[in-house]
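Since the structure comes first, as structure tokens, the remarks are kept for the end.
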Amino acid sequence: MNQMKKYTSLMLVVFLLCGISSMGAEKSKKKDWKLGVQTYSFHRFTFQEAIDKVAELGLEYAEIYYGQTLGGDMEGVMDFRMDKAKQKQVLAYAKSKGVKLMASGVVICKDEAEWEQLFQFANAMGI
């Protein structure tokens, strides 16, 4: 029962934040704010569905959540190690919905080569 209360409370907070975000989306353009959302907010959905929801909220910016299933015709999960072709698919999908990928979630790399790969991915995504 306690778990259900936590889940209900979390969903209430998410819906409240989504409502506030959508109300502020138009005003943010007037103030040059870059209001967005991390796709983890929609972690129970695929990346494509999360981007759809970001666009539905009237927001233009999103932060990548690593580990999120990509969805649609894209197999796999969001990962900075994905090949260039998949990176282009991810970027194209976000652009098709009018969403710019502005940031990425927390990553701990094991060595210098992985850090380089992470920065190359961020650069390819326009982050």
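Any read-out appearing in this document is the output of simple, stated calculations on the displayed coordinates, not a laboratory observation. Owing to the predicted nature of the structure, the values given are computational and were not obtained by experimental measurement.
Couple of notes before you dig in:
- Potential extension, residue 56-residue 83 segment - 0.36 nm per residue separation minus Cα distance: 6.9 nm
- 16 Å Cα cut-off, lysine pairs counted over the stretch 34-125 (separation 8 or more, or different chains): 8
- Potential lengthening between residue 44 and residue 113 on full extension [0.36 nm per residue; Cα-Cα distance subtracted]: 21.7 nm
- Ratio Rg/Rh, restricted to the stretch 34-125 and using Cα atoms, in which Rh is the Kirkwood radius: 0.95
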